[in-house]
Amino acid sequence: MEKIVLPDIKDLHLIDVYESNGGYNAAKKAFTQTSDEIIDQVKKSGLRGRGGAAFLTGLKWSFMPKTTDKPKYLCVNGDESEPGSFKDRQIFEFNPHQMIEGTIITCYAIGAKIAYVYIRGEYHKWIKLLQKAIDDAYEKGYLGEKMKETFGTEFYCDVYIHKGAGAYICGEESSLMNSIEGKRGYPRVKPPFPAQNGLWGCPTTINNVETIANVPKIIEKGWEWFSQIGHPKHPGTLLFGVSGHVNKPGVYELPTSTLLTDIIFNYAGGVPNNKKILCVIPGGTSMPPLRGDKLEGVKMDAESLKEFGTAIGTGGVIVMDEDTDLVKVLARIAHFYHHESCGQCTPCREGTGWLEKILKRIIAGNGSTSDLDLLITVANQIEGNTICALGEAAAWPVKFMVERFRDYFEKKVSKEISLPVANKVHSMRHTAFPLADVKK
Amino acid sequence: MEFKFTQENLDRIEQETKKYPVRKPAVMAVLYIAQEQNGYISFEVMKEVAEILGMTTEEVLGVVTFYTMYHQKQMGKYHIQVCTNVSCMLRGGYEIWNQVKDKFGIDNMGVTEDQKFSLEEVECMGSCGTAPMIAINEDYFENLSKEKVEELLESLKENN
């Protein structure tokens, strides 16, 4: 299987090696076409965002206004803070120029003169690596005003790194824009959407690092080629980051629709000591977890995972063996979202804290059966009632973990302890967005 | 205590502001530079940063308090960050957290008396595939075991 984003070529991070493997030819090809033709090809390729929501990339680009007096911006999202995801750093380290080339093509397609690559502050090493690659690209005339000569075009663009400073929420696109503007990273109310009102009120597109890294290959090899890899409705490859209880954790680039069992047992080497799997989170901690006894036939793409009541997220697969204490894991997840809630919306700010407290009560041995209903009630009160998707991200793992592992959780609580009963109406409310069409 | 940027850092700040159409967005980078020079972000630092970038001190304070990587007190020479999020937790993150805590007798955000070590429990650092991990200042140490952590901490203790 051919790899698109992380091919096995030695020293590909060096600009000379990248060039000798056909690097920056896709950008040259792109400049022989109009920006509409580029957007059209990306649309036809079916490329979808790799940052979590799997939104159609070409469609997103087409939202950018064609005629405007305002400058346009591109943000490349490398905040990568979702627990279980560690793919973007591989791109910064092993194939940064493909991302830079993708940035050039994207800037040209949407008409942006400036691109900001937002990288989380903890990634000091990878920021330096990418900065080196950007400097090299400037020197060779692939970026900045020298582009005019190199590519023989009127268009040029600049790429800057904006370093974050430790906030999970800044991976959310509107929060990321506030952070670039030098403000607290609060998510914005949508609409207006970034394509109308983004950075400094100007049209802005935000794409994930991995999404952008796919673009040069689509232009180089054609959309037909790309659209035939993996699932027809979610084509291409994904960087699956496998972690937790597996023998060979790491990032594996595989076509979409690869079987989850294949990823865990063939690529990641199975579970240590041949233990059974209790639970798998398929796409980073925000995504609804799957039961270990229901992994047969689970295919890893946005469309197939809907059928199994979960979503692809960032492709960060976390495997837990039979000896894992799920209550502790869930309490740790709840703690994370409580810590990372920005505090703007009351349901999230307060609700995430309640989820954590209830789970800690269960760990302390003081949990009651009604606590399990209470968890679902609180989760339902958060979901759909917040400005950004952190509400869902905090609610889903708790709600679906308790629902799907009810038998497990009931053993961890006491029937003897009686507490005021949770609001049953809320605990039965159906999930609002966007898993509404998911089968239970 | 009054705070002034060194000339070298002032030049770096000017470079940073050139990335953006206005000066304010450079605040995040400028705060990193300030923290590097001063060790932590004091009220005087915030006043100076605000002055340079044409912001109010309150706006700068808002940024400092929102992001976890800006410190309002002096941390140790070696700032040890232990990840205990799910992927690390499953591979022994908490054992390492307790080990470091016991070794220095400090808790989360604590600093040793000699100002050499400080400790922070951090959220996912993007090292899930190489868990468990700790970061010391800017460097990641991955695929750790208790023995490796012990060795690492001892080598820092000897280091001045």
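Is there a residue in region B:34-47 that is more than 30 Å from B:Asn108 (Cα to Cα), surrounded by 15 or more Cβ atoms within 10 Å (Cβ to Cβ) and away from every other protein chain (no Cβ under 12 Å)? The answer is no, given that none of the residues of region B:34-47 is more than 30 Å from B:Asn108 (Cα to Cα), surrounded by 15 or more Cβ atoms within 10 Å (Cβ to Cβ) and away from every other protein chain (no Cβ under 12 Å). Take the residues in region A:233-257 that are farther than 23 Å from A:Lys43 by Cα and of a type in the set (Ser, Thr, Tyr); name whichever of them is farthest from the other protein chains (Cβ to nearest Cβ). Of everything passing the filter in region A:233-257, A:Tyr252 is farthest from the other protein chains (Cβ to nearest Cβ).
Conditions (1) touching a helix residue (DSSP H, G or I) at 6+ places or on another chain (Cβ under 8 Å); (2) surrounded by 20 or more Cβ atoms within 10 Å (Cβ to Cβ), marked per residue:
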residue	(1), (2)
B:Asp102	no, no
B:Cys128	yes, yes
B:Asp139	yes, no
B:Leu153	yes, no
B:Leu156	no, no
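Scanning region A:356-371 for residues that are within 14 Å of A:Lys399 (Cβ to Cβ) and modelled with pLDDT under 95 returns a single hit, A:Asp371. For region A:314-331, the set of residues classified as touching a helix residue (DSSP H, G or I) at 6+ places or on another chain (Cβ under 8 Å) and buried (at least 22 other Cβ atoms within 10 Å of the Cβ) consists of A:Gly316, A:Val317, A:Ile318, A:Val319, A:Met320, A:Val329, A:Leu330, listed by residue number. Going through region B:59-104 one residue at a time, which ones are in a strand (DSSP E or B) and within 11 Å of chain A (Cβ to nearest Cβ)? B:Gln81, B:Cys83 - these are the residues of region B:59-104 that are in a strand (DSSP E or B) and within 11 Å of chain A (Cβ to nearest Cβ).
Being in contact with a helix residue (DSSP H, G or I) (Cβ under 7 Å, 6 or more places away or on another chain), of a type in the set (Lys, Arg) and assigned by TED's automatic domain parsing to the domain that holds A:Tyr24 is a property that holds for A:Lys163. Would you check if A:Thr103 is crowded, with 17+ Cβ neighbours inside 10 Å, in contact with a Gly (Cβ under 7 Å, 6 or more places away or on another chain) and among the hydroxyl-bearing types (Ser, Thr, Tyr)? Here the answer is no, as A:Thr103 does not meet what is asked. When region B:1-56 is filtered for residues that are of a type in the set (Lys, Arg) and not in a helix (DSSP H, G or I), the ones remaining, listed by number, are B:Lys4, B:Lys18, B:Lys19, B:Arg23. When you look at A:Ala302, is it small (Gly, Ala, Ser) and either in the same structural domain as A:Ala364 (by TED's automatic domain parsing) or free of Cβ contacts under 8 Å to residues at least 24 places away in the same chain (or both), yes or no? So A:Ala302 does not fit the description; no.
Can we say A:Val298 is of a type in the set (Val, Ile, Thr) and within 10 Å of chain B (Cβ to nearest Cβ)? Judged against the criteria, A:Val298 is not a match.
Within region B:105-134, residues that are within 11 Å of chain A (Cβ to nearest Cβ) have Cβ atoms under 6 Å from residues that are of a type in the set (Phe, Trp, Tyr) and surrounded by 24 or more Cβ atoms within 10 Å (Cβ to Cβ) in these pairs: B:Glu123/A:Phe336; B:Gly126/A:Phe86; B:Cys128/A:Phe86; B:Gly129/A:Phe86, counting only partners at least 6 apart in sequence or on another chain.
Just checking, which of A:Ala334, A:Ala311 is touching a residue at least 40 places away in the same chain (Cβ under 8 Å) and part of a loop (DSSP other than H, G, I, E, B)? Going through A:Ala334, A:Ala311 in turn, the sole match is A:Ala311.
Quick grid of which residues meet (1) within 14 Å of chain B (Cβ to nearest Cβ); (2) surrounded by fewer than 19 Cβ atoms within 10 Å (Cβ to Cβ); (3) farther than 30 Å from B:His79 by Cβ:
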position	(1), (2), (3)
A:Ile119	yes, no, no
A:Tyr123	yes, no, no
A:Met147	no, no, yes
A:Glu173	no, no, yes
A:Val189	no, yes, yes
A:Glu224	no, yes, yes
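The residues of region A:149-169 that are touching a residue at least 60 places away in the same chain (Cβ under 8 Å), under 30 Å from A:Tyr24 (Cβ atoms) and facing chain B (nearest Cβ under 9 Å) amount to a single one, A:Gly164.
Scoring B:Asp11 on the criteria (1) over 30 Å from A:Pro249 (Cα atoms); (2) away from chain A (no Cβ under 14 Å); (3) surrounded by 22 or more Cβ atoms within 10 Å (Cβ to Cβ) leaves a single failure, condition (3).
The values are calculated or read from the model by the stated rules, or taken from the named source; none is laboratory data. Remember, predicted model here, so these are calculated numbers, not experimental data. Quick reminder, even Gly has a Cβ in these numbers, built from the backbone with ideal geometry, and neighbours come from all protein chains shown.
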